[in-house]
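To keep things clear, I will list the structure first and then write my remarks on it.
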Amino acid sequence: MAIKIKEVTRPPRNFQGQIFIWEVWLGLLVTFRHLFVNLWRHTLKAMGIKTEPGSVTIQYPEDPAVLGRRARTRHRLLKREDGTPRCTACLLCETICPAKCIRIVAEDSPDVIIEKRAKSFSIDLGLCVFCGYCAEACPVDAIHMDSSDVAITAYDRKDMIWNMAELLEGKKSPSIAQ
Amino acid sequence: MISVAWTAVKVIFAVATGLNIAGFLGWLERKQSAVLQDRIGANRAEIFGFRVLGFFHPIADALKMLTKEDYIPPFAHQPFYAMAPGISLGFGLLGLAALPFGGNITAFGHSVSLQPIQSPYGLLLVLGLLSLGVHGVVMAGYSSASNYGLIGGLRGASQMIAYEVCLATTLSSVAFVYGTLDLQQAVLWQGRLLFGFIPAWGIVLQPLGFLLFLTAAAAETKRTPFDLPEGESEIVGYHVEYSGMKFGMFLMTDFVESIVVSGLATALYLGGWQVPGLHLAGALGGLIMVLAFLAKVMLVLFLLMQIRWTLPRFRFDQLLDLGWKNILPLSLLNFLLTVWGVYLWRLR
């Protein structure tokens, strides 16, 4: 792509800008408008009347975190129709992982068409960098990063290592909202 | 002896009022900035489950400051290092005691003055105390044996000296109008009416002077947009080596000095304790005087904070340009016009 040059003209240094007072007044008008409009909305809300919100703040532990639809959050292992994990222990995710936080032990699957399955599958979420390569590398759509869980906490580093059952079903972290 | 004790009580009362307002300002600063930036502001500190709009945060701040480690850098000049915050805060608090919180009233058979320190040179006293505050800044920067602190202190000194000149020139023109340096007399002078219905407050007689005073006062008390000596977020200030309550005292100094200059603005430009159309006397009148004075002070503080959260910080050369090349000539012009005007008025 060719590089384009955009000419930006400086605003002229005119008398109105140089005496400050007029520009300060314009700025004060903006901040006073915000102050009084927000105060009015807070007052209406306190009286129980529905209005536009007076602030954009999300009070996180009480209110749920708002995530983008494509946000990469904690991993989730997917199941087949019959409830068995989709993972075929191909080790692609373990290989591509830049943080080396995935450990998979493979075993023979009783189903000859599937051939292989994971005996154990663990992710050390304390090491994970949430790059999303594992979900991209997976050929059988077995791992997603869409659990909408961002509050992954533990009192011990060992507890940050999630095993297959936990990755399939989810686990309750010791919550900060408690 | 009794009068000395009585004065001491009044001074303590003024200082306590000032400190309480300073604590309140800590809350106001957070909440006002939050609301005008579409945020909520600090609201987590609670006592027995009560949060009261984050009102307990100043208390939590004070507790944190008091319980923090008070670290003194090993190369610091120990006595100066320990004295600096005290000098800064002490002169600010003394300035509070010279403000006219109210007039002379007769209550319960006694004649009482509601101005703690009455002096025919009250204006000079407050100005002097404000300019002594700069010693704390320079001492803090110099004694902490840190180049950043030293440069911050020097920035503070040159800024405050520059704006002190503007402040004194502006205030001399308003003192010229009232014909007195006594703050109480100045407030009494403003009790009259112009053309029978406009209160003859300083802001009506000296509109340019009020603007210049407000600007110079914001610079003198190191408030944003003139907070280069400390530079909370980007540039390192004179109190970089301070921790614990000593740092807290520097923060308090800012608030206390703002209260002092707001008190000056109220006394000289906003009619002090006067309420237009009310003749105040007696115990109830005294109460109304003090409340009116404090309400006006809070109004000026509110305006100063709004300006703080509206404007970005100046660069240092711009700051000195503004002081020496713009505000000083304007205040000299204001002084000349005032002298001329007063002369013509007296000739009438």
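No lab work stands behind these numbers, since they all come straight from the coordinates. Please read all numbers here as calculations on a predicted model, not as lab measurements. Virtual Cβ from ideal backbone geometry, glycine too; neighbours counted across all protein chains shown.
Below is a table of values for the structure above.
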read-out: Per-residue mean of C-beta atoms belonging to partner chains within 10 Å, peptide A:25-33; value: 4
read-out: Kirkwood-based shape ratio for chain B, expressed as Rg/Rh from alpha carbons; value: 0.98
read-out: Helical mean residue ellipticity (222 nm; -39500 (n - 2.57) per DSSP H run of 4+; nearest 500) of chain A; value: -7500 deg cm²/dmol
read-out: Which of B:309, A:25 has the fewest Cβ neighbours within 10 Å, and the rest in rising order; value: A:25, B:309
read-out: In the range A:112-178, the chymotrypsin sites (Phe, Trp or Tyr not before Pro) that fall in loop regions by DSSP, at most 11 other Cβ within 10 Å; value: A:155
read-out: Under DSSP loop assignment and at most 16 Cβ neighbours within 10 Å, longest GluC sites (Glu not before Pro)-free interval of chain A; value: A:116-178
read-out: DSSP-loop trypsin sites (Lys or Arg not before Pro) across the range B:1-57, with at most 11 other Cβ within 10 angstrom; value: B:44
read-out: Qualifying chymotrypsin sites (Phe, Trp or Tyr not before Pro) in the range B:1-55, DSSP loop, other Cβ atoms within 10 Å at most 13; value: B:48
read-out: Longest segment of chain A lacking trypsin sites (Lys or Arg not before Pro) that sit in a DSSP loop with at most 13 other Cβ atoms within 10 Å; value: A:101-171
read-out: Degrees between helix B:122-143 axis and first principal axis of chain B (Cα, 0 to 90, nearest 10); value: 10
read-out: Under DSSP loop assignment and at most 11 Cβ neighbours within 10 Å, longest GluC sites (Glu not before Pro)-free interval of chain B; value: B:70-231
read-out: Distance-filtered residues of the range A:99-115 - backbone nitrogen under 15 Å, label point 7 angstrom along residue A:163 Cα→Cβ; value: A:103-106
read-out: Ranked B:151, A:19, criterion: other C-beta atoms within 10 Å, fewest first; value: A:19, B:151
read-out: Under Karplus coefficients 6.51, -1.76 and 1.60, residue-wise ³J(HN,Hα) of the range B:332-345 in Hz, glycine/proline x; value: 5, 4, 4, 5, 4, 4, 4, 4, 4, x, 5, 4, 5, 4
read-out: Angle between chain B longest axis and helix B:147-178 axis [Cα atoms, degrees, rounded to 10]; value: 10
read-out: Of A:79/A:100; A:79/A:172; A:50/A:171; B:10/B:296, those spanning more than 30 Å from alpha-carbon to alpha-carbon; value: A:50/A:171
read-out: Descending Cα extents along the principal axes, the range A:7-76, whole Å; value: 60, 43, 16
read-out: Crossing angle, helix A:21-46 versus chain A [Cα axis fit, 0-90 degrees, rounded to tens]; value: 60
read-out: FRET efficiency for residue B:16 and residue B:279, using Cβ-Cβ distance with R0 set to 41 Å, rounded to 0.05; value: 0.90
